[in-house]
Each structure stands twice: as structure tokens, then as C-alpha cells.
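What follows is one structure encoded as C-alpha cells, with my remarks underneath.
A short reminder: the numbers here are calculations on the coordinates, not readings from a lab. From a predicted model like this one, the values you see are computed outputs, not experimental measurements. Here the Cβ is made from the backbone with ideal geometry for all residues, glycine too, and neighbour counts use every protein chain on show.
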């Protein structure tokens with residue numbers, strides 16, 4: 001295997017690694033060679049998760065397993081009758097599976113490769129992590145997930161984010177899916193502070209903090225003249241993971257789609273002041 005370990009986190013009796021393959025090879029499809037070449041130049045890479053157990057246990061979402069080796073037993077359940085009822089109710093609100101697969105023993109577990117990005121984080125006993133629904137992928141046993149409903153009325157009414165998210169708590173490592181590389185994620189530490197975020201660029205938050213939606217400025221005049229609207233406000237102690245480049249990536253995708261298809265609708269961008277160069281070539 002020529003994959004490279006790009007991230008690793010150790011648990012009590014297990015460890016998790018993110019593997020990345022160096023090339024995109026479509027050797028059986030010569031007609032797709034050009035696409036594979038440009039994908040390679042753009043940095044597109046296949047990645048997968050490897051979990052190593054040392055008489056330990058790990059939980060992954062069903063359908064993720066590619067293969068395992070060693071003395072490992074598996075068990076797929078929803079946590080008993082009450083756990084099944086709870087998971088069925090939760091399934092009506094989020095995109096996660098009703099059942100979870102638990103692996104126990106000694107050996108290695110490999111997930112299906114994909115072009116997704118993966119983030120590793122450690123959940124401590126006295127904190128919880130909140131992520132967008134469907135982003136949770138795997139964790140060390142001892143880490144639990146549940147629904148996190150928006151409690152603040154302003155967040156529920158005015159925010160464009162999902163009403164329901166996934167709460168992760170317990171003790172151990174956890175894997176979540178990310179739309180951008182881990183190197184592009186900005187981790188902001190808060191110590192009984194306030195963080196204001198304009199836009200849906202929050203990937204994960206953990207610690208003890210509240211979230212609500214508020215005006216970008218405190219005065220009516222400032223709200224009318226600043227050009228800003230509502231922002232997410234986080235207060236407390238913990239860490240917020242941001243994807244500041246996500247909107248730029250989305251605009252690039254729109255531009256590439258428009259370039260490859262002249263009939264494609266022109267991309268729409270937020271109102272902004274044009275640069276001098278743009279005014280000159282207009």
C-alpha cells in the first residue's frame with residue numbers, strides 16, 4: 001500500500017488514522033485519462049480511515065466498512081429496545097443510520113475510500129461537540145451521539161442552518177466529514193469569550209458554549225449602513241472550527257461549471273464592491 005498517513009489520533013486501546021493515496025489512476029479507462037490528469041493537478045486524492053484496535057472497540061456508520069483483518073468481532077445494534085426507539089425517532093430528523101456497527105478485538109479496520117476530507121477530534125468527558133447532521137462517521141467506544149435541537153428562538157427562526165444537528169459526547173476520539181482539507185480549517189479557541197460568524201462556515205464546535213442569532217451591529221444606523229445582516233454568536237469556553245475558504249471553493253466550482261457549459265447559468269455572487277481591474281475590463 002502506497003498510502004500516506006496524513007493524520008493520526010490515539011485512544012486508550014485503539015488509534016485512528018487518515019490515509020491518503022498519492023495519485024488518481026484510471027488505468028482501465030484511457031478515455032478518462034485527461035480527466036484523471038487534471039484531477040491530479042487540482043490535488044484530488046482518495047482517502048480512507050484506518051482504525052487499529054488493541055483489545056479495544058470502535059463504532060462506525062454502517063456501509064463504511066471495506067475490510068478488516070485480525071481477531072475482530074462485529075455487532076450491529078441500536079442499543080436495545082429503548083435504544084432502537086430512540087434511534088428511529090432521531091432518524092426522522094437527521095441523516096444518520098438507525099443502527100451502528102461496533103467492532104471489538106485486535107486488528108485493523110479499513111473504511112471505503114472516498115474523496116471526502118476527514119477531521120479527527122478528541123471528545124473529553126466534560127465537553128460536547130456539535131456538528132452538522134450526517135458528518136459523524138466513526139468514534140472510539142465510549143463516545144455517544146444524540147440530537148441537538150436549536151434551543152434559541154432567534155437561531156430557530158432566522159438562521160439558515162439546519163434545525164437539528166448531531167451532538168457528540170463521552171470520552172475518546174471521533175471522526176467527522178469535512179468539505180475542505182484539515183489544513184484549511186481555522187480553529188478558534190474561546191475562553192469565556194464571544195465569537196460572531198457571518199455565514200454558514202462553522203464545521204464543529206465543542207466545549208461549553210451557547211449559540212444564537214443576532215444583528216451584526218448594535219445600532220439601527222450601523223445595521224443599515226454596514227451591509228451586514230444577521231450573524232451567529234457563540235459565547236462560552238471551548239473551540240469553534242471554521243471553514244473560511246469554503247465560499248471561495250463554491251464560487252470556483254460555479255466558475256468551472258460555467259466555463260465547461262456556456263449555456264450554464266452564470267454564477268451568482270453576493271453583492272460586493274468591484275476592484276479597479278474589474279471596473280476597467282467591464
Exercise. Quick one: if the Förster radius is 30 Å, what FRET efficiency do residue 259 and residue 40 give, using the C-beta to C-beta distance and rounding to 0.05?
Worked result: 0.95
Seminar exercise, completed: One computes Rg over Rh for the stretch 1-78 from alpha-carbon atoms, with the Kirkwood Rh, and obtains 1.09
